């Protein structure tokens, strides 16, 4: 718009100024409708892109606020210690709802039995709501066990193959095939991993619904991400460090172990922590392979040590799925639904935060 | 171009004038003999029929314009080119003390311990100064603390770095200046007591003062080590080498005593390069 002066200038002068005038001649009066349309288009596209960007913010805000407010009611209390410890440390219980002497009572399984012994002879007409009393402690433990086992598995296999791909392999048809396989594995939907794990580990290997079947299924699922991240971290280590080490008479493996892997490790671990968030969050791979809807014993309450890996566990995402879709919904189920979602979200954020802190710290420590 | 490619034939009589250690017979201490060497990256031949003898306990400089193959030849001497896909010797042999280093039976790890290397870009490890120098010894299985202490001090003294770092041996090697880092890399290479030290443009990233220190160091080291140095700096070759080999387009054009090369080269191309008319 500041070019108006330039446009009204008489034609002529040197070549550059004349081309300047010609370029803007179409905006002269008489083409004002075109000009207005152009401006409207500019404003429209600007707001389209801007709204699309802010939409993310709105969506995130709604999700976090909804879970934060409703879940916060379960997880926090108004009295000290302000955190609902029983919710975090007790197993789920059935909630019994009944009317007694005009009062509406909502008692957990254990409390309900105590109440009955305290009121002998009275048989209240109680309706029961599954899993809506007590807490989610076994789910937290189960998820932790699943994450630890599957990540150890995925890291061992993933780092090993990343070392092979980055340090040993020469680019041939077989290696290209391996890379295609990794890409494809990354694209497989998680429910397919669940069914695969069910078919191979649960049925064919006869491991039943168990921790170990869940470890392998989740480990396989997260493997492509680990391999890719590890390979990138290994390749980021300058070639000069490898050559320097080899030139001193170090063998290839000595070089990798002493002078490549240590510098790649922070990168490998930080990106793996994001893998942890995925492993912890997936429901589909464990619903057929490792997760129980309800289990009375804690994982360490096994008869034999060897039974440990062959037991199913409760898990947070599966528990959320069960309490949200497998039981009839009413005002009593909301407590545990949102409470579990809140705890789950908090744990995943904690893991992500750890990854960021680790990354920043390792970045400042290592530079070349 | 055609005349250049034919150069090896005219150049080879010169190399024959060398006090050649006859193949098979026990050679001098850590002498290197390069015979009829062709080298290729994939199908692209970059070294053509190189014949060169490198005398022990002397400094031999490789000079020539960029891309002439001098670094490639240097990296052949400790088989560093093994790391590069498709890089291979297509003909000829390199013998160190009469042993063909590309024979299947040769232990490349042992070869690299005996033939040390200092790289163009100083590459200290992200470890302390002490650990950098001790690295090669620890790799070789030395565990006695007193032995390592001794070797670290000796190597740092040889590399003229000891006085500058003796009070901060346990801080990161990255804290040193560029020239100090390069001398640290030299100390690191000396710590494993090689017989031959290869230097690939060791001063290319250094300022004149640091360069002077490294050159002084090279002059001192030649009493104990066979040194091969690649350099782009003609004055450097003149100052610190005993013999100079001039390469052009993958051919060895001329090799002779440094004083002769710089005062009265036999080949016109050598003279033109040295006087700065091309390259």
Checklist outcome for this item: Expected single match for surrounded by 12 or more Cβ atoms within 10 Å (Cβ to Cβ) and touching a helix residue (DSSP H, G or I) at 6+ places or on another chain (Cβ under 8 Å) among A:135, A:108 is A:135
Checklist outcome for this item: Counted residues in the range A:202-212 being within 22 Å of residue A:300 (Cα to Cα) and either over 20 Å from the mean Cα position of the chain (by Cα) or modelled with pLDDT under 90 (or both) come to 7
Item to check | Residues of the range A:285-331 classified as closer than 16 Å to residue A:144 by Cα, touching a strand residue (DSSP E or B) at 6+ places or on another chain (Cβ under 6 Å) and surrounded by fewer than 21 Cβ atoms within 10 Å (Cβ to Cβ), total | outcome: 1
Next on the checklist: One residue is enough: does the range B:2-20 have a residue meeting the conditions crowded, with 19+ Cβ neighbours inside 10 Å, at pLDDT below 90 and under 29 Å from residue B:221 (Cβ atoms)?
Outcome noted: yes
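With at pLDDT 90 or above and away from chain A (no Cβ under 14 Å) as the only criterion, which of B:114, B:138, B:145 stands out? Steps first, please.
On the way: B:114 fails: away from chain A (no Cβ under 14 Å); B:138 fails: away from chain A (no Cβ under 14 Å).
Sole residue among the options that is at pLDDT 90 or above and away from chain A (no Cβ under 14 Å): B:145.
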Next on the checklist: Would you confirm, using the coordinates I've provided, whether residue B:99 is within 10 Å of chain A (Cβ to nearest Cβ) and either over 21 Å from residue A:261 (Cβ atoms) or under 21 Å from the mean Cα position of the chain (by Cα) (or both)?
Outcome noted: no
Next on the checklist: I'd like to know if the range B:117-133 contains one or more residues that are facing chain A (nearest Cβ under 8 Å), surrounded by fewer than 19 Cβ atoms within 10 Å (Cβ to Cβ) and either in contact (Cβ under 8 Å) with a residue 12 or more places away in the chain or assigned to a helix (DSSP H, G or I) (or both).
Outcome noted: yes
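If you go through the range B:154-169 one residue at a time, do you hit one that is within 10 Å of chain A (Cβ to nearest Cβ) and within 25 Å of residue B:227 (Cα to Cα)?
For the range B:154-169, residues within 10 Å of chain A (Cβ to nearest Cβ) and within 25 Å of residue B:227 (Cα to Cα): absent.
Only residues that are within 8 Å of another protein chain (Cβ to nearest Cβ) and without any contact (Cβ under 8 Å) to a residue 12 or more places away in the chain: list them for the range A:241-278, please.
Once the filter is applied, which keeps residues that are within 8 Å of another protein chain (Cβ to nearest Cβ) and without any contact (Cβ under 8 Å) to a residue 12 or more places away in the chain, the range A:241-278 yields A:243, A:246, A:247, A:248, A:249, A:250, A:251, A:254.
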Checklist entry - Quick check: is even one residue across the range A:123-136 more than 25 Å from residue A:318 (Cβ to Cβ) and without any contact (Cβ under 8 Å) to a residue 12 or more places away in the chain? => result yes
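Looking at the range B:183-204, is at least one residue over 24 Å from residue B:131 (Cα atoms) and assigned to a helix (DSSP H, G or I)?
Initially, the range B:183-204 is screened for residues over 24 Å from residue B:131 (Cα atoms), giving B:201, B:204.
Keeping just the survivors that are assigned to a helix (DSSP H, G or I) gives none.
Among the residues of the range B:183-204, not one is over 24 Å from residue B:131 (Cα atoms) and assigned to a helix (DSSP H, G or I), which makes the answer no.
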Next on the checklist: Looking for something under 21 Å from residue B:214 (Cβ atoms), surrounded by 21 or more Cβ atoms within 10 Å (Cβ to Cβ), within 14 Å of chain A (Cβ to nearest Cβ) and within 13 Å of the chain's Cα centre (by Cα) - is there at least one such residue anywhere in the range B:78-93?
Outcome noted: yes
Next on the checklist: When you scan the range B:225-239, do you find a residue that is without any contact (Cβ under 8 Å) to a residue 24 or more places away in the chain and surrounded by fewer than 24 Cβ atoms within 10 Å (Cβ to Cβ), even just one?
Outcome noted: yes
Checklist entry - Does the range B:222-245 contain at least one residue that is in contact with a strand residue (DSSP E or B) (Cβ under 9 Å, 6 or more places away or on another chain) and within 14 Å of chain A (Cβ to nearest Cβ)? => result yes
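The values are calculated or read from the model by the stated rules, or taken from the named source; none is laboratory data. Owing to the predicted nature of the structure, the values given are computational and were not obtained by experimental measurement. Quick reminder, even Gly has a Cβ in these numbers, built from the backbone with ideal geometry, and neighbours come from all protein chains shown.
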